[in-house]
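As structure tokens, the structure follows; a few thoughts come after it.
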């Protein structure tokens, strides 16, 4: 709600117009014939402005963190966030904050945020990983930036400098698929699933990008990401960099051309839910050869690692994966196995498994 409002004349009367949320409202102040000049009507306008400020202050003084998130932040950002991002934020709120964030918003300081995270960590029913706490902390930081911008919070962001709980589990090691594993997987799949996995493994597209592809996005030498699809919601690409084209290697081209001959000539490449396909028939097919389903993003991470093992520069890998910063490529996506390290550990293993009398025999023979 605006605190000052705007003084206007309309249909022979004075009005104080203001906004309450996104709704425009007005207060009738008096007739023009009774208050012919601005000087005469101004005292009436100031009285109403004072009432508005009191109402705003009372609302803000009583506003809890949970109420602010549920009734101000989430409704305001829903239209401009990607559906998957909004669902993630709402899930964090529903699972971890709704029942715990009853403290009044304006009194919150860093130690309140620390107590909140520690309280979540003390819940013996669930032990969360550091990644989850990092997401929760980032979400809270966004909330307080929003509250400061809208005048509901006037201090510095209280999330800055807060520690993650010591009880948090280490983040789960993210999986990757090697080129050999991808080549082992592909023949096991139906043509549609083979095409989807090949795009993930050989082009590095995200699941929502693959799901959003149409045949117009495919040329023999490239794929272009024009839209994404997440659980039926279609959105623009994640970022400007994400909307770039991705080269299509011959192995992927052969699979896509074969798939195109059996599919509609226009429209979407994949009509079924690939999220469900991954957890269902693709996972089952992989199990028959001793491979585990690690999620669609493991193909994307695998492409980064496979390219690094082939000595492709990190800047080129960044462009292929369409990351906005090369640091994302280096820090989060590359998992390269070092042959020297593996060889050293195999040598150690042979030494550990060597029979106990082998060392004595070698000593006696050398003597």
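Every read-out reported here was derived from the displayed coordinates using simple, explicitly stated rules and does not represent laboratory data. These numbers come from a predicted model, not from an experiment. Here the Cβ positions follow ideal geometry from the backbone for every residue, glycine too, while neighbour counts run over all protein chains shown.
So the values come out like this:
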{"item": "Which of 197, 225, 246, 142 has the fewest Cβ neighbours within 10 Å, and the rest in rising order", "result": "142, 246, 225, 197"}
{"item": "Contour minus Cα-Cα distance for residue 6 and residue 31 (0.36 nm per residue)", "result": "7.3 nm"}
{"item": "The range 113-200: relative contact order as a whole-number percent, Cα under 8 Å and 6+ apart", "result": "34"}
{"item": "C-alpha center-to-center spacing [the range 57-134, the range 194-209] in angstrom", "result": "34"}
{"item": "Burial order of peptide ranges 73-81, 98-106 (average beta-carbon count within 10 Å, highest first)", "result": "98-106, 73-81"}
{"item": "Cβ-Cβ FRET estimate between residue 24 and residue 103, R0 fixed at 51 Å, reported to 0.05", "result": "0.95"}
{"item": "Length released on extending from residue 51 to residue 129, taking residue separation times 0.36 nm less the Cα-Cα span", "result": "23.3 nm"}
